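The values are calculated or read from the model by the stated rules, or taken from the named source; none is laboratory data. As the structure is a prediction and not an experimental result, all values here were calculated from the model. Here the Cβ positions follow ideal geometry from the backbone for every residue, glycine too, while neighbour counts run over all protein chains shown.
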Amino acid sequence: MKKLKRGTVPLFALFVGFFFLINLLIPNEYLLSQETELRPGEIMVIAHYKEKIKERLLATGNVEIHYKNIKLLADRVELNTETRDVYAEGNVVIQMPNEVMSAEKIHFNLDSSQGELKKVFGMVQPTVFYEAEILERKDISLYSFRKAKITSCTQPVPRWSFSCSRADFKKDDYIKMWNTVFSIRKIPIFYFPYLRYPLNRERATGFLMPQLGYSGVKGMVYSQSFYWALKRNMDATFNFDYFSSRGIGGGLEYRYLFSAGTGGNVKFYYFRYKQDQEYESPAASAYLLRLSHNQPLPFKFSLVANVNHQSSFNFLREFDNNFKRALIFNRTSQVYLSRAWSYFNFNARVSRFETYFAQINNSVIKYSLPEIRFSLSSLKIFDPLYFRFSLYFNHWQYGWHQQYLNNNQLHSQSLSISPTFNVPFTSISWFTLNSSFSANFNYHFQSYAPNVRLIVDEPLLIKNYISHIELVGPVFNRIFYDSQGYPKVKHIIEPSIIYHYENPVSPSYINRLIIAGWYYRNHYIRYSLTNRILVKQRGMPREIFTLGLSQTFSLDAENSPMAKYAVDGKIHAFSDISGYLRFYPSRRYTLDMSVFFNPYDMIFSRIRIGANVGSIRDPLYFRINWYRSINPYYRSILSDRNQISFYGGVNIPKLALRAEAAVDYNILQKELLYSAFVLVYQYQCLDIKASCRIFYFRETPEVQFRITFGLGNVGKTTDFLGGMEL
């Protein structure tokens, strides 16, 4: 045997000793973790103890299994290396892309990602947390739960959660739950036999969170909506309302949007009254229909349809929780057909307007069947002469509801042709003169018989000539500069005067005209003065202040609009002095004011003031509107008005809280008409809205409480009749 060279044995012994020391000091799992990436289909198992018998591998003690994009951790694992079936128990954790689950025991297949987990906790991105007694993973995106609890809140004690006996979970799509209890913190609030919770960010079909309420007049209130995402361009919302003391109602809102601008929405609501001895309803049921539709047509025509109809004004007053809309007693239905090209415009309309007067329980109704306008805008003939033209046809009916029942409403057809020549003068910057001459030819197909209020088919032609001259100027202005010599503020004073003349029409013709109202002759002088203040912002001028005054003097007072305001046979020639003020210093602050002053009675006949501060995104926001009117001519016939309304709110970010209030007060009668208070809590996964409204204007004043919740991707059921308004 060949002898080793001197020094060789000590070097080999040193190497073996070093390797043995490394194995003693460094855990086996650390060494394995330094291996290169797994080859496709390869399984890596790390554990304190491993034993393999054929295809069966048993591992205990901090077991890790790495396979494809799955990482499994457990205290004890049995693995079939051929079928990839795993049984694990004790602190089991499975990590997969966008998902983590922990359980006490699992039976799981690494290839199919299918299996069963017991007493499992999990999280699916972005933020869906769940726990269940049993989870059956049917494929990579579909799970089934038994005795589960689900939430999207990240707090240690979730702000809200669903507890259910059974649930189906489809990743990035939905969660279906049966026998579900909704809880805030640990307090049960609602029970749902079935609930579908959407997980994606897109619109999803399902029930919205219900709205609960109570009213002293209507009893317990329950509102539930179901949202149906039909397609990307259309959806529908079904609504159910239950009022324990008054009845039940249901509604449908359908919205759609098609190519080329076709779109609109339809809203229908039907209510069935509860018949009892305490409340006697005027009818067994009531309904409302609201429609809005826009559609382009061939040859560049466009169609617009609007319908706002309710079967009963009393129903609207009693059930519509939008204060402004509940006091509007109108029904409207109209269809427009229009086209614009070059200098021409065409409009046709079929319409019905009805205004209801509750004091006399009667309505005024007007039909246009149809109403057609055709016009030519200003066309330059030669400098400085311009020509415009309009044609107007109207087949109309007008009268009280009782007149329609007796078939004695007013009705007629008329055709008006109006050519106009216009001569503007704008060569001087501080002076503008605009003069025009028009000829009106009004052909009425029907008229009253002479000396009798009987409509006959005798045509009547009325010729009317109009001269109109408007002078603006001389305009004065002054520019104010900042400290660096740049223009900052500009003040403009703009006086103007208008002279308008219409030739008189013979009274014999006027008495035969079929018109809905008065016939006026406009022959007047109107003078005004306007102040404007502009500031330079971002290189552009912006008007922040406007103050205007104007008055009209009638040169034929007996045939002017002032004729109907005669007092003791005396007709005044001067109109009220009107003034308006607009102050918009910034986006957050606005002030609008208009005033009418009667120079004969020395009173303000009308005052309107509106002030606005901030918006709903600001810490503090509110708006105030005050309206006051006095009729100095018919004090005994037309009632005066003096009313103020307030709406405002405050945001408290630290508490994730927004508080809003609204009040409408009749100063003249010293009584409240409406008041409301709303609290909105929004923080991460929870959105709560609670409101208290008091409707003083209703026949029986009503105090109403409502509460609803928004939970992550599930929206709130809103008041189908009242909308989103406070």
Checking Ser338, Ser368, Ser333, Ser378 in turn, the sole residue that is over 30 Å from the mean Cα position of the chain (by Cα), on the phi < 0 side of the Ramachandran plot and surrounded by 15 or more Cβ atoms within 10 Å (Cβ to Cβ) turns out to be Ser368
Run Gln669 past the list (1) under 30 Å from Ser183 (Cα atoms); (2) assigned to a loop (DSSP other than H, G, I, E, B) and report the number of the one that doesn't hold. (1)
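Could you tell me whether any residue of segment 570-581 is under 30 Å from Leu461 (Cα atoms) and among the charged types (D, E, K, R)?
From segment 570-581, those under 30 Å from Leu461 (Cα atoms) are 571, 573; that's our starting set.
Those still in the list that are among the charged types (D, E, K, R) too: none.
Within segment 570-581, not a single residue is under 30 Å from Leu461 (Cα atoms) and among the charged types (D, E, K, R).
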Inter-residue pairs, beta-carbon under 6 Å, first of a type in the set (Lys, Arg) and in segment 465-489, second surrounded by 13 or more Cβ atoms within 10 Å (Cβ to Cβ), 6+ apart: Arg478/His491; Lys488/Lys536
Per the list (1) of a type in the set (S, T, N, Q); (2) at pLDDT below 95; (3) buried (at least 17 other Cβ atoms within 10 Å of the Cβ), residue check on Ser586 breaks on (3)
How do the strands (runs of 3 or more DSSP E) wholly within segment 137-208 filter down when requiring 1 or more residues that are closer than 20 Å to Phe226 by Cα: which remain? 160-170, 174-184, 187-198
Taking only segment 313-344 into account, find how many residues are part of a strand (DSSP E or B) and among the β-branched types (Val, Ile, Thr). 2
Filter segment 687-726 for residues that are part of a strand (DSSP E or B) and farther than 16 Å from Leu212 by Cβ and give the result. Ile694, Phe695, Glu702, Gly723
Looking only at segment 118-135, decide whether some residue is of a type in the set (Lys, Arg), in a strand (DSSP E or B) and farther than 17 Å from Val92 by Cβ. no
Considering each of Asp85, Asp111, Asp173 in turn, give the residue that is more than 23 Å from Tyr197 (Cα to Cα), of a type in the set (Asp, Glu) and touching a Ser or Thr at 6+ places or on another chain (Cβ under 9 Å). Asp111
Restricting the search to segment 213-263, which residues are within 19 Å of the chain's Cα centre (by Cα) and among the acidic types (Asp, Glu)? Asp235, Glu253
Within segment 200-216, how many residues are touching a strand residue (DSSP E or B) at 6+ places or on another chain (Cβ under 6 Å) and farther than 19 Å from Tyr269 by Cβ? 8
Counting only residues in segment 549-563 that are within 16 Å of Asn598 (Cβ to Cβ) and not small (Gly, Ala, Ser), the one farthest from the chain's Cα centre (by Cα) is identified as Phe553
Quick check: is even one residue across segment 603-619 modelled with pLDDT under 95, closer than 21 Å to Leu668 by Cα and exposed (fewer than 15 other Cβ atoms within 10 Å of the Cβ)? yes
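A quick yes/no check of all residues on (1) in contact (Cβ under 8 Å) with a residue 24 or more places away in the chain; (2) farther than 30 Å from Ser496 by Cα; (3) loosely packed, with under 15 Cβ neighbours inside 10 Å; (4) aromatic (Phe, Trp, Tyr):
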{"position": "Thr420", "(1), (2), (3), (4)": "yes, no, no, no"}
{"position": "Thr432", "(1), (2), (3), (4)": "yes, no, no, no"}
{"position": "Ser436", "(1), (2), (3), (4)": "yes, no, no, no"}
{"position": "Ala439", "(1), (2), (3), (4)": "yes, no, yes, no"}
{"position": "Pro450", "(1), (2), (3), (4)": "yes, yes, yes, no"}
{"position": "Arg453", "(1), (2), (3), (4)": "no, yes, yes, no"}
{"position": "Val456", "(1), (2), (3), (4)": "no, yes, yes, no"}
{"position": "Leu460", "(1), (2), (3), (4)": "yes, yes, no, no"}
Could you check how many residues of segment 73-83 are closer than 16 Å to Ser113 by Cβ and surrounded by 18 or more Cβ atoms within 10 Å (Cβ to Cβ)? 1
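Among Tyr681, Tyr621, which is aromatic (Phe, Trp, Tyr), farther than 30 Å from Lys488 by Cβ and not in a helix (DSSP H, G or I)? Steps first, please.
Working: Tyr621 fails: farther than 30 Å from Lys488 by Cβ.
Testing whether each residue is aromatic (Phe, Trp, Tyr), farther than 30 Å from Lys488 by Cβ and not in a helix (DSSP H, G or I) leaves just Tyr681.
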How many of the residues in segment 468-526 are among the charged types (D, E, K, R), part of a loop (DSSP other than H, G, I, E, B) and surrounded by 11 or more Cβ atoms within 10 Å (Cβ to Cβ)? 2
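The rows are residues; the columns are (1) among the charged types (D, E, K, R); (2) closer than 30 Å to Leu303 by Cα; (3) assigned to a strand (DSSP E or B); (4) in contact with a Phe, Trp or Tyr (Cβ under 9 Å, 6 or more places away or on another chain).
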{"residue": "Trp228", "(1), (2), (3), (4)": "no, yes, yes, yes"}
{"residue": "Thr237", "(1), (2), (3), (4)": "no, yes, yes, yes"}
{"residue": "Asp241", "(1), (2), (3), (4)": "yes, no, yes, yes"}
{"residue": "Ser245", "(1), (2), (3), (4)": "no, no, no, yes"}
{"residue": "Gly249", "(1), (2), (3), (4)": "no, no, yes, yes"}
{"residue": "Tyr254", "(1), (2), (3), (4)": "no, yes, yes, yes"}
{"residue": "Gly264", "(1), (2), (3), (4)": "no, yes, yes, yes"}
{"residue": "Lys267", "(1), (2), (3), (4)": "yes, yes, yes, yes"}
{"residue": "Tyr270", "(1), (2), (3), (4)": "no, yes, yes, yes"}
